[in-house]
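The values are calculated or read from the model by the stated rules, or taken from the named source; none is laboratory data. Predicted, not measured: the structure shown is a model, and the values here were computed from it. Note that we place each Cβ from the backbone using ideal geometry, even for glycine, and neighbour counts take in every protein chain shown.
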Amino acid sequence: MSDSDYGLPASPSPTPRDAAAPVNASDADIILRSVDAVDFRAHKLLLSMASPFFQNLFTLPQPPTSSPHASPNELKDGISVVCLSEDEHAVDMMLRYCYPRTVCPAEPTLDTTEDVKLTLVLISKYQLAGVQGIVVQRLKAGPTLPQVLSIFLKAWLLDLRDVVPIAARHTLRADVDTSEDYEELNQVPCIVLVKLANFRKACADAASARPWTDDTTQRLSFPVADFSASCSANNNYRYSLCPAIDQYLKDAFIELKLLPSGWNLVFQNQIVTAVEKVSRSCKACHANDRISPAVIKMSRFLYEEVESRISKIEMEKSFF
Ligand SMILES: [Zn+2]
């Protein structure tokens, strides 16, 4: 019920204010107004080039700029106003995707789950097909995002087929908790969650499968000598590893069975923790500061191998 239903005067609409730079052009030929009343002075040509949504919108008849009957919501300073349903942050983000980097140097950083999901919504609504690649790159190479499941589900619901498989791979880095209250969970069919679980299981099996076990170390392409020759605790360095590195591998495989992600192995905090944990396993290497460089090298090796194995696991084609 609105104020006027109670006989009270309706709340006045906030007076629109202009957005800050960079999308506040003096030669603008369109104003995009956010739902929280911020005006972005933009260029139709650039918007049309970036977004079929705007291309279609601008082919519709526009009010004549000199019309004395135009309401303030339609014209401002003689420029047509388009009212959008997104807030200032969302419109700013959308414009940063539409405008060339020479005009908007700062691309959205996508360092929160909310901004990644907002970007997915913008891609879908404004048909920003090229932006899928930005999200894919972020999920591949950026730090692990919280609530990874909700990103995957959002991409699936919006049918963003470039993002879905990468978002599924991003879920391998963290526990997936289906008891969390994601709005997306209520919108996807159960079969999607079953297929994601199957994919994660297949990746875990591949990442932790033979020939990783200790007795086959000699058959691996591990540069074994790099991890044993300098270790005085090791008498048989041709085929054996320094006990600390051996322990590191055993620990890593327990982790890989749970979270089959190479990313986690090379994450800085993870390496520091691993070095602290295995240092006690070889006093000689620990005393000579050899464990940290060896773990870094081995983690890199494992990362390449695990990512290669996981990249061969395809999501089911019937997924979509
Ligand atoms: Zn050693």
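A few remarks follow.
- Candidates Val81, Val163, filtered to the one that is surrounded by 15 or more Cβ atoms within 10 Å (Cβ to Cβ), in contact (Cβ under 8 Å) with a residue 24 or more places away in the chain and under 28 Å from Arg309 (Cα atoms): Val163
- Pairs are defined by a Cβ separation below 9 Å, a sequence spacing of at least 6 or placement on different chains, a first member in the stretch 257-272 that is within 16 Å of Leu139 (Cα to Cα), and a second member that is buried (at least 21 other Cβ atoms within 10 Å of the Cβ) and aromatic (Phe, Trp, Tyr); no pair meets this definition.
- Some residue of the stretch 180-189 being over 16 Å from the mean Cα position of the chain (by Cα), closer than 27 Å to Leu265 by Cβ and in a loop (DSSP other than H, G, I, E, B): yes
- Matching residues, the stretch 263-320, being away from the ligand (no atom under 16 Å from the Cβ), surrounded by 19 or more Cβ atoms within 10 Å (Cβ to Cβ) and not in a helix (DSSP H, G or I): Ile313
- Members of the stretch 63-80 that are modelled with pLDDT under 60 and within 22 Å of Val38 (Cα to Cα): Pro63, Thr65, Ala70, Ser71, Pro72, Asn73
- The stretch 239-261 - residue that is outside any helix (DSSP H, G or I) and under 11 Å from Ala294 (Cβ atoms) and, of those, modelled with the highest pLDDT: Cys242
- Looking across Asn236, Asn264, one residue alone is of a type in the set (S, T, N, Q) and at pLDDT below 85. It is Asn236.
- Any chance Arg169 is under 30 Å from Glu255 (Cα atoms), in contact with a Leu (Cβ under 9 Å, 6 or more places away or on another chain), touching a residue at least 12 places away in the same chain (Cβ under 8 Å) and outside the structural domain of Leu57 (by TED's automatic domain parsing): yes
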